[in-house]
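Some notes on the structure that comes next.
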Amino acid sequence: MSTRYTVVCEDGQARAIQMLAHRYGITEEEVLQQLIELGLEDIEERPV
């Protein structure tokens, strides 16, 4: 089951997301999904 979230970004962050999407030929939503996955993986690997 999927859950939808709304993300509010500063202008600079939005531009960076758009640039990544354009550079890799993917959607902005896909960029955000990948960034979230990487961030979650990073915090899971850190010791408590």
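What follows is calculated from the coordinates using simple rules that are stated; it is not laboratory data. From a predicted model like this one, the values you see are computed outputs, not experimental measurements. Don't worry about glycine lacking a Cβ; one is built from the backbone with ideal geometry, like all the others, and counts go over all protein chains shown.
Points worth noting:
- Here the chain yields Rg over Rh of 1.04, to two decimals, using C-alpha coordinates and the Kirkwood radius.
- Value at 222 nm in deg cm²/dmol, rounded to 500, when DSSP H runs of n ≥ 4 in the chain each add -39,500 (n - 2.57): -22000 deg cm²/dmol
- Highest mean first, the peptides 14-26, 35-47 sorted by other C-beta atoms within 10 Å per residue fall in the order 14-26, 35-47.
- The angle between the Cα long axis of helix 28-45 and the main principal axis of the chain comes to about 20°, on a 0 to 90 degree scale.
- Nearest-20 debye value, the chain charge dipole, Cβ charges on Lys, Arg, Asp, Glu: 140
- Between 0 and 90 degrees, the angle of helix 11-24 with respect to the longest Cα principal axis of the chain falls at about 80 degrees.
- Fully extended contour minus Cα-Cα distance, from Glu41 to Glu28, at 0.36 nm per residue: 2.7 nm
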